[in-house]
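Following: one structure in structure tokens, then a few remarks.
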Amino acid sequence: YGVEGFEHGMFFSEVGNPGYFPYPGNAEWVDGSILNVVNYLDSLLIITSNTIYVMTGEGLLSTYSTTSLITNLNIKPVDALNIKVIKDQVFFKSDGKYYVLKPNAYTNDATDLRNFEISAPIQEILDNFDSVADEVLTRLYGAGYAEDKEAN
């Protein structure tokens with residue numbers, strides 16, 4: 001992806017011959033310029049400035065499907081590069097707020113993701129960092145942590 005003049009598409013090569021791009025058979029197009037592509041479980045997340053797509057499938061590219069996960073976003077290029085996947089959750093920033101995409105608990109489809117804003121908990125941690133850090137360290141190392149801290 002990221003080819004000048006073809007910003008809205010990505011090319012796929014063969015595993016044994018990465019220099020071979022059979023066009024148009026191994027290309028995928030989306031609406032908007034692709035800012036980043038991220039591995040997510042057995043699929044790919046395609047990130048544009050206003051949409052996150054998921055591409056799933058096996059074998060030939062012609063059997064793959066690309067669907068929109070979430071739209072109406074405002075992802076800056078630097079934020080697209082900082083999208084993080086932890087296990088089955090996707091963390092990203094859009095319009096100055098932080099979000100997480102989590103699998104739907106009621107389906108058995110890992111690509112059926114639900115969006116949750118997590119800006120408030122993050123802001124609370126940043127605003128009260130000293131007390132939150134003390135609480136976390138006390139939970140990790142036990143009640144003696146506070147006494148050890150005062151001794152140093």
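The values are calculated or read from the model by the stated rules, or taken from the named source; none is laboratory data. Just so it is clear, the model here is predicted, and its values are computed rather than measured. Here the Cβ positions follow ideal geometry from the backbone for every residue, glycine too, while neighbour counts run over all protein chains shown. For accessibility, only protein heavy atoms count, side chains too; no ligands or nucleic acids. Shrake-Rupley method; radii C 1.70, N 1.55, O 1.52, S 1.80 Å.
General remarks:
- Kirkwood hydrodynamic radius (C-alpha pairs) into Stokes-Einstein, the stretch 81-133, 20 °C and 1.002 mPa s, D in µm²/s: 173 µm²/s
- For the chain, the per residue solvent-accessible surface stands at 67 Å², with DNA, RNA and ligands left out and a 1.4 Å probe.
- Residue 130/residue 71 FRET efficiency (R0 41 Å; Cβ-Cβ; nearest 0.05): 0.55
- The relative contact order of the chain comes to 11 percent, based on Cα pairs under 8 Å that sit 6 or more residues apart.
- Debye, to nearest 20: dipole size of the chain, +1 on Lys, Arg Cβ, -1 on Asp, Glu Cβ: 260 debye
- Virtual paramagnetic centre 7 Å along Cα→Cβ of residue 82, amide N under 19 Å, in the stretch 102-144: 116-129
- Amide H contacts of residue 40 (H built 1.01 Å from N, under 5 Å, at least 5 apart or other chain): 45
- Here the Karplus curve 6.51 cos²θ - 1.76 cosθ + 1.60, taken at θ = phi - 60°, turns the phi angles of the stretch 122-127 into couplings of 5, 5, 4, 5, 5, 6 Hz, with x standing for Gly and Pro.
- Taken as Cα centroids, the stretch 66-93 and the stretch 31-53 sit 7 Å apart, rounded to the nearest whole angstrom.
- Carbon/sulfur fraction of accessible area - the chain, other protein chains in place, 1.4 Å, %: 52 percent
- Close Lys pairs in the chain, defined as Cα atoms under 15 Å apart and 8 or more places apart or on different chains, number 8.
- Pairs of alpha carbons in the chain whose separation is greater than 26 Å (percent): 42 percent
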